[in-house]
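Okay, structure first, notes after.
Each value in this text was obtained by applying a stated rule to the coordinates, not by laboratory testing. Here the structure is a predicted model, which is why all the values come from computation and not from measurement. Note that we place each Cβ from the backbone using ideal geometry, even for glycine, and neighbour counts take in every protein chain shown.
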Amino acid sequence: MLVLPMDVVALLTPLPFNSNHVRGLAVLAVLTIACLATGGFYRSRLHLSILDELPALVAWFLVAAAIVAFIAAIRHENFASFDSLLHAAAIALVLLIMGRGIATSMIKFGRRRRIVGHRTILVGSGRVAADLAHVLARYPQYGLRVVGFVDNAGRSDPAVNTVPYLGDLDHLTEAMAHAGADVLIVADPDTTETRFVALLRQAMASAYDTLVVPRMHQFQTQVPRPDHIGAIPVMRIRPPRLSGWRWALKRAADIVFSALALILLSPVLAICALAVRLEGGPGVLFRQQRVGRNGKLFKVLKFRSMRPVDETESQTTWSVANDSRVGPVGRFLRRSSLDELPQLWNILRGDMTLVGPRPERPHFVELFSAEHDLYAWRHRVPAGLTGLAQVSGLRGDTPISDRARFDNYYIENWSLWLDVKIVLRTIREVVVGGGR
């Protein structure tokens with residue numbers, strides 16, 4: 001957390017000496033911080049070098065400066081004023097680079113002196129793990145101190161004997177807790193894919209900082225390396241960010257969208273309600289218990305398209321496409337997805353979100369979770385009105401494993417832009433009649 005404050009100080013330092021450009025320099029500072037954050041300059045890194053990051057640092061600053069210069073050129077015709085703004089921006093860039101250099105030196109000093117650092121466990125006992133143990137012991141500036149290793153194969157390389165053996169992979173959590181470690185480095189290229197995925201899921205669920213040595217890393221010399229330890233490339237496995245300002249912005253968008261949609265679509269809602277009432281009698285809305293975020297139960301709302309025999313059938317019977325109890329109105333509502341419109345109220349209440357995995361009934365959640373171990377991971381986020389699986393054609397009787405795979409892909413790669421793309425694809429599906 002030392003780099004960000006240093007950047008802020010460097011970018012704001014020219015302000016008191018340029019009273020005519022306070023607004024422009026303030027905007028430049030904000031845009032530069034935003035650009036650097038976009039470029040990953042505030043993420044934790046093992047290898048620190050101001051020279052390595054200098055080209056990208058200057059490039060992102062120039063992007064921010066170009067935006068400010070464009071705005072200034074439109075608003076000011078005085079070339080002398082514009083020239084002084086660019087001069088102040090150049091000073092800010094020099095201070096930014098100097099501040100980065102100072103911050104980097106301070107962090108590396110703290111790591112070398114063991115003032116800051118992380119207790120680390122290696123997964124694997126082969127040549128790669130041995131090389132990592134050697135490099136990290138010799139170069140403390142990476143900020144990692146290896147306290148042991150875990151591996152089912154035992155000690156296969158004598159070089160790993162420099163650190164203690166803490167047990168097999170089945171006892172990884174206990175080993176991490178006993179050693180007080182918070183960083184895990186997976187350095188075993190021979191681990192099976194199934195075991196490897198299970199290992200990563202366990203590490204992410206326990207909030208460990210997880211690094212992975214790519215397989216066949218010796219042949220990755222021609223591609224950019226996001227980070228490395230010595231000459232060994234490592235990838236940082238980051239759990240999906242399901243909190244923070246982006247997630248708050250998603251919730252704000254849900255509130256605005258659902259409120260406006262309920263108002264603008266009120267005539268459509270009224271027509272649908274009237275049609276359902278005329279075809280099926282009283283009871284326009286259908287309420288059903290579904291599983292939401294973190295397993296929390298809520299009542300989902302839909303326009304009634306048919307009447308189940310009883311509540312047990314409602315909760316435990318899978319919907320079929322050609323049920324004889326579905327009338328013309330219900331069939332149209334299902335096909336057009338208009339029966340889902342009342343869920344806008346669920347979104348406004350916070351039970352659901354606009355984009356996310358579709359909610360399922362508790363009976364089927366229990367059933368599917370027993371059959372597919374990735375299914376329960378869908379509940380890391382609120383249920384959605386539409387989702388990636390639905391716009392990818394996974395509706396009706398499609399395999400549950402495929403739906404879970406798409407839903408988890410959405411969660412792992414979530415972004416606001418991904419939500420926008422799914423909404424646009426949903427609109428296309430509804431317009432062309434691709435409902436159910």
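Given a Förster distance of 41 Å, report the FRET efficiency between A198 and S19 from their Cβ-Cβ distance, rounded to the nearest 0.05.
Working: r = 61 Å, r/R0 = 1.48.
Calculated value: 0.10.
With each label modelled as a point 7 angstrom along the Cα→C-beta vector, the V420-E174 pair spans 5.0 nm.
List the trypsin sites (Lys or Arg not before Pro) within region 321-403 that fall in a DSSP loop (any state other than H, G, I, E or B) and whose Cβ has at most 14 other Cβ atoms within 10 Å. In loop regions of region 321-403 (DSSP not H, G, I, E or B), the sparsely surrounded trypsin sites (Lys or Arg not before Pro) are R325.
The Rg/Rh ratio of region 366-409, with both radii computed over alpha carbons and Rh defined as the Kirkwood radius, is 0.93. Annotation: peptides 89-96, 258-265, 25-32, ranked by per-residue average of other Cβ atoms within 10 Å with the highest first, follow the order 25-32, 89-96, 258-265. Relative to the compact-globule estimate of 2.2 N^0.38 Å, the Cα radius of gyration of region 73-152 comes out at 1.97.
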